[in-house]
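One structure is given below, encoded as structure tokens.
No value in this document is a laboratory result; all are computed from the given coordinates. From a predicted model like this one, the values you see are computed outputs, not experimental measurements. In this analysis, Cβ positions are derived from the backbone assuming ideal geometry, glycine residues included, and neighbour counts consider all displayed protein chains.
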RNA sequence: GAUUCCGUAGCUCAGCUGGUAGAGCAAUACACUUUUAAUGUAUGGGCCCUGGGUUCGAAUCCCAGCGGGAUCACCA
């Protein structure tokens, strides 16, 4: 054991390494290569209990209760936990009791992976357990898990709750917090349910580029990278919309993609730099059809994930049962402010918004002003799933103009708990109109509207010129949806590895300047009075204290006490 | 980006108006052949986030930094 590792490892980590070495000395490989013939799972054999049934299972040992010549332990596998019963004379039928006394009781630690063979039985107290006849160490754990305990009333003690540690060490979080694992199982169920729904409808899952020469389909700051061979800049996608539409041009009836998108913007409890959107495009449909489709989809997903269309989010009970209310944006604003935006000029909208106490400025166009009013006064009121329809044209450069009103678009957003969950259009397929809308966006961007797109994707326009059938498209924020379905207010809870600032490791190897000062003085004297040394060093009280402690700890210096006199001695 | 709270043993947390650190669980040792937050006895374990300052003396007070949480701002 050298000094360095003594500094880095805790007492328990050192002990576990020593156990590891002892096991090796006994000829037990702590990391065997051979497969373990698992035939059973903890919760399955508990639920379908058969007295005396032979079982073989593997997992982590999560608790140990030593009763002398018998012991109880708990094994945790992917399905859950089951109690194990170890009896010394059955584990070790002969004279040699090493496997029980040494290996099981001393050298195994909580968190170790073991395999056990034995038979099912029920203890006196009524706990279904495995009577172990043979156990095998499958993998040694060198770091103690942050292990919570659950008492008789089901209360959890010493829960591993620190969000920073849970996110940075998600592997440990998943081992000790079963409810966290449950969130991610539901997340995968959601994806499966959606795939199934789309596939049953006859639509095709596709993959489109993550590295894009022009980051289109949304307005957001992209992550930039560089391709060396081509010597060109590339962008991580902020959306996949324009590529999926190209595929509709190519003749597919319906295409969808679960798209990891990347946006170089702020992070908070609802935003992560990379997140997952699902987008689907179906030809010969419009946004009215898409509303029917979306509400059926979400009802199906809620049922598959939670077994019910109802779910709880914070203080709200949400019901995803179709159909959902449909409200135009105009009507919504009338409902909550009494103001009718229809036919109003930019000035009238500006004054109306200002009158409502909304922070406005002169760069805002009609669309932006309407959006602000809606966002401030209406959005938050829609708790149950509600479609808000017919958005102003200016805000929706990829959306078809409304069939009855040229100032509006055929767009809807699905609001749940006052937040947007889905966004859909009757897709704009007029290539000339699309070109003009892109050019308008560039003008807005040049004027300083940082929400407008700065790039024109001419290849996309070319594809539209070949002709795109009438199409409706819809996007869902998957992270946000799973937050609702699992009652989590934070996106970090539904991502395995949310983005975090990297950990910094500062390993102090050399002596600090202050420590050197003290060390240099005492090196000449070998031993001297502690107070004299302090005087000579001329350090502040805190610096002195820290430095002398550090030197003592590193074994370079020793302080001895004789009566009142303190003496420092060089070692 | 702003405000605010937090950072102490492997984990969860105490630590008062400044006097060189405590508990429970976990660990180590011993006892115990159906326990289950097992129990009993004993023992070990701390860069008190980092750096600076005030002070005879700082985990504690002050300043700065780092990391995290919450709220707000931003967010097609």
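Residue separation of residue A:289 and residue A:270 scaled by 0.36 nm, minus their Cα-Cα distance, works out to 3.9 nm of gained length. Between residue A:455 and residue A:331, the simple label model (points 7 Å from Cα in the Cβ direction) yields a spacing of 4.0 nm. Note that region A:110-247 shows a convex hull volume over its alpha carbon atoms of 273 Å³ per residue. Note on residue A:195 and residue A:351: their simple-model spin labels are 5.8 nm apart, each label 7 Å out from Cα toward Cβ. Note on residue A:153 and residue A:536: their simple-model spin labels are 6.3 nm apart, each label 7 Å out from Cα toward Cβ.
Find the percent of Cα-Cα distances in chain A that exceed 36 Å, and round it to a whole number. Walk me through the numbers on the way to the answer.
On the way: 91588 of 162735 pairs.
Of all Cα-Cα pairs in chain A, 56 percent lie more than 36 Å apart.
Computed on the Cα trace of region A:1-134, the radius of gyration divided by the Kirkwood hydrodynamic radius gives Rg/Rh = 1.01.
Take every DSSP beta bridge with both residues inside chain A and express the antiparallel ones as a percent of the total, to the nearest 5.
Around 90 percent of the beta bridges assigned by DSSP in chain A are antiparallel ones.
In whole angstrom, note down how far apart the Cα centers of region A:252-331 and region A:374-412 are. Here the two parts' Cα centres lie 16 Å apart.
How much length would be gained if the chain were fully extended between residue A:258 and residue A:321, taking 0.36 nm per residue of separation minus their Cα-Cα distance, in nm to one decimal?
Numbers: separation 63, 0.36 × 63 = 22.68 nm, distance 2.35 nm.
Fully extending the segment from residue A:258 to residue A:321 adds 20.3 nm.
For region A:1-155, DSSP calls about 90 percent of its internal beta bridges antiparallel. If the segment from residue A:119 to residue A:134 were pulled out straight at 0.36 nm per residue, it would be longer than the present Cα-Cα gap by 4.4 nm.
Calculated FRET efficiency, residue A:127 and residue A:384, Cβ-Cβ r, R0 45 Å, to nearest 0.05?
Values: r = 44 Å, r/R0 = 0.99.
Taking R0 as 45 Å, the efficiency between residue A:127 and residue A:384 is 0.50.
Can you tell me how region A:231-294 classifies by the Cα gyration tensor, rounded, prolate or oblate, using a/c under 1.5 as the rounded cut? Verdict is oblate for region A:231-294.
List the relative contact order of region A:206-356 as a percent without decimals, with contacts defined as Cα pairs under 8 Å and 6+ residues apart. Numbers along the way, then the final one.
Working: 194 pairs, mean separation 21.2, N = 151.
That works out to 14 percent.
Compactness ratio for region A:403-478: Cα radius of gyration over 2.2 N^0.38 Å (N = residue count) comes to 1.26. Here the calculated FRET efficiency for residue A:22 and residue A:69, from their Cβ-Cβ distance with R0 = 22 Å, stands at 0.50, rounded to the nearest 0.05.
Once a ≥ b ≥ c are taken as the square roots of the eigenvalues of the Cα gyration tensor of region A:265-337, is the result rounded (a/c under 1.5), prolate (a/b larger than b/c) or oblate (a/b not larger than b/c)?
Rounded shape, in that the Cα axes give a/c under 1.5.
Rounded, prolate or oblate, given the Cα gyration tensor of region A:464-507, with a/c below 1.5 counting as rounded? Don't jump to the answer; show the numbers that get you there.
On the way: a/c = 7.66, a/b = 1.96, b/c = 3.90.
Verdict is oblate for region A:464-507.
Mean separation of Cα pairs under 8 Å and 6 or more residues apart, divided by the residue count, gives chain A a relative contact order of 10 percent.
For chain A, what does -39500 (n - 2.57) per DSSP helix run (n ≥ 4), summed and divided by total residues, give at 222 nm, in deg cm²/dmol to the nearest 500? Kindly include the intermediate steps, with their values, before the conclusion.
Details: 18 runs with 196 residues, N = 571.
Roughly -10500 deg cm²/dmol at 222 nm, from the helical runs in chain A.
In whole Å, how far is the Cα centre of region A:98-122 from that of region A:140-181? Going from one Cα centre to the other spans 22 Å.
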